[in-house]
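These notes concern the structure reproduced below.
The values are calculated or read from the model by the stated rules, or taken from the named source; none is laboratory data. Owing to the predicted nature of the structure, the values given are computational and were not obtained by experimental measurement. Neighbour counts are summed over all protein chains in view; Cβ atoms, including those assigned to glycine, are modelled from backbone coordinates with ideal geometry. Side chains are part of the model used for accessible areas, which takes the heavy atoms of the whole protein and leaves out ligands, DNA and RNA. Shrake-Rupley method; radii C 1.70, N 1.55, O 1.52, S 1.80 Å.
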Amino acid sequence: MSNDISVRQVMQPNPVSLRPDQTIQEAIGRMNELRIGAVLVCDNSRLVGIFTERDFLRNAAIAEPGWRLYPIEMWMTKDPHTIAPNIGWEEAAFQMERMRVRHLPVVEDGLAIGIISSRHLIAHRSKYLDQMIARRTSELRLANDQLLSRDAEMTHYMKVAAKLQKKLVLPHSPPNWPEFDWSIYFAPLEPLGGDYYDFVMPNDEHLGFLIADASGHSIPAAMVAIMASQAFTEVSKETVQPSSVLAALNKRLNDLAEDRFVTGFYGVFNRRTREFTYANAGHPFPFHYSAKRKMTQPLWARGFLLGVSLDEMYTEKRLHLEAGDRLCFFTDGIPDCRNDQGESFGTDRLAAFITENAHRRPADFVEVFRNHLKVFRENQNPTDDMTLITLEVH
């Protein structure tokens, strides 16, 4: 059945096109207005290039002031790869993966008649898989003499998938090191979530900890989180350098589905020196509570998101941990919570809560924090997955 679907059926017809002399600002404006990831560049109906979000990200970071008025031909990808409309969508997906592009102009008789993106292909692939699941669901209903609606069945599968995600992707508990006392609050917005954390012991002397957040939530975010989990399992046992692990993860996750990326923070504890070495990939800064100074401060470390820029490098920082110190890791669903007045919880409130409750055992700390956040939200529901992980150093 999948072979019957052609590029013509899944492409976006009548694609947005601009002249080569139109400005970068005009192109970005059109892309934002129409919520699209690329525009074609045509000169007298002849396709000469394509301008995508990736072209923008690649050039904007190093551009001189005034770049918004540059002609689009300066930043576009010239003479882009194209595809014919009668090609099957699976072949199109294969070609896009092989050429490492997210958008392909569709050309027929020398004219650009459409554009196809990874988002179009993924949507139709999901539709095809849904149809396969529906057939399998029908067989199961007949075998078990059940008269469940398709929506109810899909809800059931979502819950089962969520249980599998927690069981197979998320660790049950941290390694039992006497130096640390951990506690974890994990609350996905929907049965499947994009938040992810993991522990690894590359050797007897080191303990690695990763917290990550795939953009969005539900099934797409969960799929990206699973990809991150698999990649982390493969690369984290090869080195005790957080920067190397994040760089390897970034390469594995490069060319994610359109509009998808991952933030991540990875640190490694050395039980002999009590040093914590860490690096950050666009993730909210964790907090360190110093028992000696009775102060809470963020662990500053900057780095680009995972899955966007192929050759990104990450900087490491170090922190010496002492008895009584606390570390608190979280995803942006925590500070982004809002109350009835529209105020966000924010990182300042979180830092103050950590300082005021540093005397509590981690398990009690997390339970009190859950209630504190619920009171703050008043009648507002969370809008994103939420994860908070805290540890006390002994």
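Remarks
- The conditions of being open to solvent by 70 Å² or more (accessible area, probe 1.4 Å) and either among the aromatic types (Phe, Trp, Tyr) or assigned to a helix (DSSP H, G or I) (or both) are not met by GLN297.
- Taking first residues from the range 71-93 that are modelled with pLDDT under 90 and partners that are part of a loop (DSSP other than H, G, I, E, B) and open to solvent by 30 Å² or more (accessible area, probe 1.4 Å), the Cβ contacts under 7 Å between residues at least 6 apart in sequence or on separate chains come to GLY88/ILE5; TRP89/ILE5.
- Scan of the range 231-242 for residues that are farther than 14 Å from ILE211 by Cα and outside any loop (DSSP other than H, G, I, E, B), ordered by number: GLU234, VAL235
- Residues in the range 59-70 that are touching a residue at least 40 places away in the same chain (Cβ under 8 Å) and surrounded by 13 or more Cβ atoms within 10 Å (Cβ to Cβ): TRP67, ARG68, TYR70.
- Scope the range 18-42; condition touching a helix residue (DSSP H, G or I) at 6+ places or on another chain (Cβ under 7 Å) and either among the β-branched types (Val, Ile, Thr) or free of Cβ contacts under 8 Å to residues at least 12 places away in the same chain (or both); matching residues: THR23, ILE24, ILE28, VAL39, VAL41
- Taken over the range 223-244, the criterion of being within 9 Å of the chain's Cα centre (by Cα) and either modelled with pLDDT of 80 or more or among the small types (Gly, Ala, Ser) (or both) is satisfied by ALA225, ALA228.
- Taking the range 352-389 as the range and being closer than 21 Å to LEU189 by Cβ, among the β-branched types (Val, Ile, Thr) and not in a loop (DSSP other than H, G, I, E, B) as the test, the residues that pass are VAL366, VAL375, THR387, ILE389.
- Enumeration of residues in the range 317-328 that are surrounded by fewer than 23 Cβ atoms within 10 Å (Cβ to Cβ) and not acidic (Asp, Glu): LYS317, ARG318, LEU319, HIS320, LEU321, ALA323, GLY324
- The condition of being open to solvent by less than 80 Å² (accessible area, probe 1.4 Å), charged (D, E, K, R) and over 24 Å from the mean Cα position of the chain (by Cα) holds for only one of ASP79, ASP55, ASP43, that being ASP43.
- Meets criteria (surrounded by 15 or more Cβ atoms within 10 Å (Cβ to Cβ), farther than 19 Å from PRO13 by Cα and not basic (Lys, Arg)) for MET96: no
- Tally, over the range 331-351, of residues that are more than 12 Å from PHE376 (Cβ to Cβ) and surrounded by fewer than 14 Cβ atoms within 10 Å (Cβ to Cβ): 2
Per-residue answers, yes or no, for (1) of a type outside the set (Ser, Thr, Tyr); (2) in contact with a Ser or Thr (Cβ under 9 Å, 6 or more places away or on another chain); (3) modelled with pLDDT of 95 or more:
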position: SER2; (1), (2), (3): no, no, no
position: GLN9; (1), (2), (3): yes, no, no
position: GLN12; (1), (2), (3): yes, yes, no
position: ALA27; (1), (2), (3): yes, no, no
position: ARG30; (1), (2), (3): yes, no, no
position: LEU34; (1), (2), (3): yes, no, no
position: ALA38; (1), (2), (3): yes, yes, no
position: PRO65; (1), (2), (3): yes, no, no
position: ARG68; (1), (2), (3): yes, yes, no
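- When restricted to residues that are crowded, with 17+ Cβ neighbours inside 10 Å and either among the aliphatic types (A, V, I, L, M) or over 22 Å from the mean Cα position of the chain (by Cα) (or both), the range 300-314 contains 4.
- Test: ASN280 is closer than 22 Å to SER244 by Cα, at pLDDT 95 or above, out of contact with any Leu (no Cβ under 7 Å at 6 or more places or on another chain) and open to solvent by less than 70 Å² (accessible area, probe 1.4 Å): yes
Yes/no matrix, rows are residues, columns are (1) of a type in the set (Asp, Glu); (2) not in a helix (DSSP H, G or I):
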{"position": "ARG272", "(1), (2)": "no, yes"}
{"position": "PHE276", "(1), (2)": "no, yes"}
{"position": "ASN280", "(1), (2)": "no, yes"}
{"position": "ALA301", "(1), (2)": "no, yes"}
{"position": "ARG318", "(1), (2)": "no, yes"}
{"position": "ASP336", "(1), (2)": "yes, yes"}
{"position": "LEU350", "(1), (2)": "no, no"}
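- Within the range 88-113, the set of residues being at positive phi and either touching a strand residue (DSSP E or B) at 6+ places or on another chain (Cβ under 9 Å) or of a type in the set (Val, Ile, Thr) (or both) comprises GLY110 only.
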